[in-house]
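The values are calculated or read from the model by the stated rules, or taken from the named source; none is laboratory data. Here the structure is a predicted model, which is why all the values come from computation and not from measurement. Here the Cβ is made from the backbone with ideal geometry for all residues, glycine too, and neighbour counts use every protein chain on show. What goes into the accessible areas is simple: the full protein's heavy atoms, side chains included, and nothing from ligands, DNA or RNA. Shrake-Rupley method; radii C 1.70, N 1.55, O 1.52, S 1.80 Å.
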Amino acid sequence: MILEGQPTRSIMRTADGTGARILDQRKLPWEIVWVELFSSDEAAVAIREMWTRGAPMIGATAAYGFAMALDVDPSDSALNAAYDQLLETRPTAINLRWALDEVRKAVEPLAPEARAEAAWLRADAICDEDAELCRAIGEHGLALFRELHAKHPDRPLNILTHCNAGWLATVDYGTATAPIYLAHDAGIPIHVWVDETRPRNQGALLTAFELRNHGVPHTVITDNAGGLLMMKGQVDAVVVGTDRVTANGDVCNKIGTYLKALAAADNGVPFYVALPYTTFDPNTATGADIPIEERSAEEVTLLTGPGPNGIETIRVTDSPAANPAFDVTPARLVTGYITERGVLDRI
Ligand code: MRU
């Protein structure tokens, strides 16, 4: 990932190795603030309150939080308590459970005094692997983008994406954005339609920030604009990330993804989902079985951003509001899954 012209990662250990350093995504793009987490309590707050977010990134943060807990108390009871505390921070993304299970498997058979170090090393490896998985997703997506661009070589390839499935949501590259960055770097002319992604505006705030940092041409659109653009032939493919893909191939992702998939199907626009194996949940049969996070109504009724007096919050409605944070796109609407193993018709 490129941040202010420098290559870096979205999460790393602190300089002394006893904590994790993350970007405070609540402040982006207005301020670039790195936050250091030194306890599982802090890691839990950072995930729940969305200082950090995105399925793989939640898993990475939780893995480090687990190691921090074991630094303090490596007993069986403390291990179980830390696992439960971190697991309950957010319900939908399966990467959270995957990462905690990986750390648990690595440390549980060990003597308590060996657990913390093993947990730190497993968390480091989870981060390294995530970056590699996303790079591989990017390579396979790049081959797909070359084919799509070859159909209309006279104009830029137009990709529409929803939410932020970029490097802020992973350790590096992103999932949906990895092919975009690789295509841009390979000289394929590419332009991205960025859904603003109400209510938290991950597209307008985070994806647009990433693309600006990488120099990728993009345009932010309202969440309602994509259907018209598809109808007018201005979208060559929709590419989104996901929080969980179930055994039958259903795709859970940020609220609004399903409507994009419906519009894509109606207009013959291919709809791709980018994911690493860590987001596949073979233990959940269909999307109907996924717990959908319901977040605070204030995310709908209030808007925060820079005003004349600094960062300000304004109210956009006085009525009651509901805020389901994810939806499910049925497998039948998915053209393909861009994975580290290739682009698959079926998962
Ligand atoms: O609520 P968020 O911002 O954590 O939701 C994130 C998404 O829905 C992403 O699209 C998904 O996690 C994929 S991240 C590679």
FRET efficiency, 1/(1 + (r/R0)^6) with R0 22 Å, evaluated for residue 248 and residue 88 via beta carbons: 0.25
Charge context of residue 158, other residues only, Cβ under 12 angstrom, K/R +1, D/E -1: +2
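Calculate, in nm to one decimal, what residue 212 and residue 293 gain on full extension: separation in residues at 0.36 nm each, minus their alpha carbon distance.
On the way: separation 81, 0.36 × 81 = 29.16 nm, distance 2.99 nm.
Gain on stretching residue 212 to residue 293: 26.2 nm.
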Hz values of 3J(HN,Hα) by residue in the stretch 223-231 - Karplus curve (6.51, -1.76, 1.60), Gly and Pro given as x: 4, 8, 7, x, x, 4, 4, 5, 4
Rounded to 5, percent antiparallel among DSSP beta bridges of the chain: 55 percent
Between the stretch 231-282 and the stretch 1-72, the alpha-carbon center distance in angstrom: 27 Å
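Within 12 Å, Cβ to Cβ, of residue 226, how many net charges do the neighbouring residues add up to if Lys/Arg are +1 and Asp/Glu are -1? Before the final figure, lay out each step's value.
Details: positive: 232, 260; negative: 195, 196, 223, 266.
Residues close to residue 226 contribute a combined charge of -2.
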Residue-span extension gain [residue 346 to residue 105] - 0.36 nm each, minus C-alpha spacing: 83.8 nm
Full-extension gain in nm, residue 72 to residue 132, via 0.36 nm per residue minus C-alpha separation: 18.5 nm
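Could you state, as a whole-number percent, how many of the C-alpha pairs of the chain are farther apart than 31 Å? Display every interim value, and only then the final one.
Numbers: 18369 of 60031 pairs.
Percentage above 31 Å: 31.
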Estimated FRET transfer efficiency when R0 is 51 angstrom, pair residue 314-residue 6 (beta carbons, to 0.05): 0.90
Highest to lowest packing among 308-314, 170-176, scored as the average C-beta count within 10 Å: 170-176, 308-314
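So what is the accessible area of the chain per residue, in Å², with the probe set to 1.4 Å?
On the way: 13990 Å² over 347 residues.
In whole numbers, the chain has 40 Å² accessible per residue.
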Placed amide H near residue 250: partners under 5 Å, 5+ positions off or other chain: 287, 331
Phi-based couplings in Hz for the stretch 73-80 (Karplus 6.51, -1.76, 1.60; Gly and Pro marked x): 8, x, 5, 4, 5, 5, 4, 5
Choice from 56, 179, 74 showing the highest fluctuation, given a GNM over the chain with Cα pairs closer than 10 Å: 74
For residue 157, residues with placed amide H under 5 Å, excluding near neighbours: 190, 191
Straight-distance crosslink candidates among lysines, where the alpha carbon sits under 27 Å from residue 27 and sequence neighbours closer than 8 are dropped: 254
Relative contact order of the stretch 1-75, defined on C-alpha pairs under 8 angstrom at six or more residues apart (%): 26 percent
Spatially proximal lysines relative to residue 232 (Cα-Cα < 17 Å; intrachain offsets below 8 disregarded): 151, 260
Backbone N within the stretch 62-106 under 16 Å of label point (7 Å from residue 49 Cα along the Cβ vector): 89-90
Karplus (6.51, -1.76, 1.60) ³J(HN,Hα), θ = phi - 60°, over the stretch 81-86, in Hz, Gly and Pro reported as x: 5, 5, 4, 5, 4, 6
Point-to-point label distance, residue 36-residue 232, nm (Cα→Cβ direction, 7 Å offset): 5.0 nm
Long-range amide H partners of residue 11 with built H, under 5 Å: none
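When the accessible area of the stretch 2-129 is computed with all protein chains present and a 1.4 Å probe, what percentage of it is carbon and sulfur?
Values: 2720 of 5170 Å².
Summing carbon and sulfur atoms, their accessible area is 53 percent of the total for the stretch 2-129.
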Where labels lie 7 Å past Cα in the beta-carbon direction, separation of residue 117 and residue 27 in nm: 3.5 nm
Cα gyration tensor shape of the stretch 129-201, rounded if a/c is under 1.5, else prolate or oblate by comparing a/b with b/c: oblate
Unit Cα scatterers, Debye sum, the stretch 2-129: log10 I(q)/I(0) for q = 0.20 Å⁻¹: -1.07
